[in-house]
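The values are calculated or read from the model by the stated rules, or taken from the named source; none is laboratory data. Only a predicted model underlies this, so the values are computations on that prediction, with no experimental measurement involved. Please note: Cβ atoms are built from the backbone with ideal geometry, for glycine as well, and neighbour counts cover all protein chains shown.
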Amino acid sequence: MPERFNLTYTSGLILHAVDAGLSYGFDIIDHTGLSSGTVYPALRRLESGQWIESVWDHKNADKSGGPPRKYYRLTRLGREHLAKLRARYPLLEKVAD
Amino acid sequence: MPPAFTAPAIPYTIRLLLALAGAMLPDSARTDWMREWYAEFWYSRHSASGRRPMRALGAFADAWFLVRHEHGIRGRVGELLRSRSLAVAVLVFLLAALALATTGFRRSRDLLFHRDSDRVFLLNQPLPFMAGAARISPAQANAWVERHNATVQVLGRWSVRERDICVADPVAATLFTEIHMRPQCTAIKVERRNWTGFSGVVGRLKSGISLAEAERELGQTAVLHRGWLRPAIVPIARLRTAPLAPVASALFALALFSLVAARVASVRASIWLASRIALSLALVAGAWLELAARAPFTEAGSVPGIWSALLYVFPIAAASLLALGLRRDARGRCRVCYRALTMPVFVGLSGRCLFDSGGIEYLCGAGHGALLTGSVPGQVETEQWSKWLADPPGTRSLTT
């Protein structure tokens, strides 16, 4: 059963970033300006609530010669909640863009 | 099966921080977690944004979050702590460890049950736990000693003027060693000499003489009275054990409070509860004895003010917290067998306000009863929202 938690502004920022294609943890940190100590626990919480899901990116790793990187993407549930968050926080898109 | 983790090249400081944070995680979760953080730092190092070593600090928050929420460490610990027998076993272990690893028990026993502890005294020391100290001059001390040879045997005088405690009798030397005089003296010397400076008198009541008799005689020695100052005979044991009666009374009252407030409904539950209370408060008493044994004495033979406060405040505060904790814990336990109540389920209709309103029912695993609380899980902690049902309807089949 998905975990229930509050629709906070921080969750909105992170979901919005993921929706905008910023799918790696450090990219989300760069984009939102939040600290790593905030973003990563929030990502774990969102993932356990099935709002986002994580996938290991092996293709880009092979191209760049680096290690596989984990990226996050929105689930259907996450998209629904993001819509609610955008309604609740109208300035979310402006601030985050 | 995930591929084996080969650490990519990232700075050693970051590796160290990640290793420390990752140590919080169980083995099963650590590899994937490490892989993600290492990869982020590797790409960060090779990107335009450059190194961001401070981000490694976030790994601690991340690991802690995972430990608490994903791996249920807190839940498992809480579950173990709520076990009846384990809690008692842990308390017994702590008590044994305190008794074996510290010297407080032994010191306190030596002092409390020392054959001379209530007959050996310091003269002209104010009662402990009072501010200030009255001193006695050598002339006054001599006057008293000469006059009272019939009631007391003077073991000697003591001084700390030269960072040494000098006494005239080996018995007194032993006592001073036991009570840990302050300032920490370099030596406790036994010597016979003419005392010219400030000194206290240490003595022993003669056989058959009571403390009251010695005090009466002391009161008749006018030479010792200076204004409102009245020298007192203070048995050494009393210096250490002055808080014993009030503290023991407070602990006893708190134990009774815990026992009554828990509202258990059977002898079996009372025994479980009483054992917890007794062991918890014994632990506090043990810690207090250790504290009391370490309390230093000032030059005037009293206990320093901060230690006095500590000797009263620490045991009462600790025991009060324990009593409240036990009372709170007991609310979530079966009143018949003292097992932790489990299996919370929503019952009633949340839409109804007056009759059959919604709530959470916690059930005893052995079927002795259930606790009905408000609809918010935390309300189990508030008494006005909880109701004990000795024979809850519809639960018999679950437990038999």
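Below are the figures for this structure:
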| read-out | value |
| --- | --- |
| Filtered residues of the stretch A:1-32 (kept if modelled with pLDDT under 85 and surrounded by fewer than 18 Cβ atoms within 10 Å (Cβ to Cβ)) | A:Met1, A:Pro2, A:Glu3, A:Arg4, A:Phe5, A:Asn6, A:Leu7, A:Thr8, A:Tyr9, A:Thr10 |
| Output for the stretch B:264-275, where each listed residue is at pLDDT below 85 and either closer than 27 Å to B:Leu310 by Cα or surrounded by fewer than 19 Cβ atoms within 10 Å (Cβ to Cβ) (or both) | B:Ala265 |
| Lone qualifier among A:Arg73, A:Arg45, A:Arg79 - being surrounded by 17 or more Cβ atoms within 10 Å (Cβ to Cβ), modelled with pLDDT of 80 or more and of a type in the set (Lys, Arg) | A:Arg45 |
| Among the candidates B:Ala330, B:Ala285, B:Ala293, B:Ala278, residue that is among the small types (Gly, Ala, Ser) and at pLDDT 85 or above | B:Ala278 |
| From B:Leu98, B:Leu66, residue being surrounded by 14 or more Cβ atoms within 10 Å (Cβ to Cβ), at pLDDT 75 or above and either in contact with a Lys or Arg (Cβ under 9 Å, 6 or more places away or on another chain) or not in a helix (DSSP H, G or I) (or both) | B:Leu66 |
| Tally, over the stretch A:18-33, of residues that are free of Cβ contacts under 8 Å to residues at least 12 places away in the same chain and either in a helix (DSSP H, G or I) or at the interface with another protein chain (Cβ under 7 Å from one of its Cβ atoms) (or both) | 4 |
| Subset of the stretch B:296-309 (residues that are assigned to a helix (DSSP H, G or I) and either surrounded by fewer than 17 Cβ atoms within 10 Å (Cβ to Cβ) or at pLDDT 85 or above (or both)) | B:Gly305, B:Ile306, B:Ala309 |
| Enumeration of residues in the stretch B:6-35 that are closer than 11 Å to A:Pro67 by Cβ and either touching a Pro at 6+ places or on another chain (Cβ under 9 Å) or hydroxyl-bearing (Ser, Thr, Tyr) (or both) | B:Thr6, B:Ala7, B:Pro8, B:Arg35 |
| Of all residues making up the stretch B:24-59, the number that are touching a residue at least 40 places away in the same chain (Cβ under 8 Å) and aliphatic (A, V, I, L, M) | 6 |
| Criterion violated by B:Glu79 - all others in (1) touching a helix residue (DSSP H, G or I) at 6+ places or on another chain (Cβ under 7 Å); (2) at pLDDT below 65; (3) in a helix (DSSP H, G or I); (4) surrounded by 13 or more Cβ atoms within 10 Å (Cβ to Cβ) satisfied | (1) |
| Checking A:Ile52 against (1) in contact (Cβ under 8 Å) with a residue 24 or more places away in the chain; (2) closer than 23 Å to B:Ala7 by Cβ, the condition it does not meet | (2) |
| Residue check for B:Arg35: at pLDDT below 85 and not assigned by TED's automatic domain parsing to the domain that holds B:Arg276 | no |
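One line per residue, one yes/no per condition, for (1) crowded, with 17+ Cβ neighbours inside 10 Å; (2) assigned to a helix (DSSP H, G or I); (3) more than 11 Å from every other protein chain (Cβ to nearest Cβ):
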residue: B:Ile14; (1), (2), (3): yes, yes, yes
residue: B:Leu18; (1), (2), (3): yes, yes, yes
residue: B:Thr31; (1), (2), (3): no, yes, yes
residue: B:Glu36; (1), (2), (3): yes, yes, no
residue: B:Ala39; (1), (2), (3): yes, yes, no
residue: B:Ser44; (1), (2), (3): yes, yes, no
residue: B:Met54; (1), (2), (3): no, yes, no
residue: B:Leu57; (1), (2), (3): no, yes, no
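Each row is one residue, and each column tells you yes or no for (1) in a helix (DSSP H, G or I); (2) more than 12 Å from chain B (Cβ to nearest Cβ).
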{"site": "A:Thr38", "(1), (2)": "yes, no"}
{"site": "A:Arg44", "(1), (2)": "yes, no"}
{"site": "A:Val55", "(1), (2)": "no, no"}
{"site": "A:Asp62", "(1), (2)": "yes, yes"}
{"site": "A:Pro67", "(1), (2)": "no, no"}
{"site": "A:Lys70", "(1), (2)": "no, no"}
{"site": "A:His81", "(1), (2)": "yes, yes"}
{"site": "A:Lys84", "(1), (2)": "yes, yes"}
{"site": "A:Ala87", "(1), (2)": "yes, yes"}
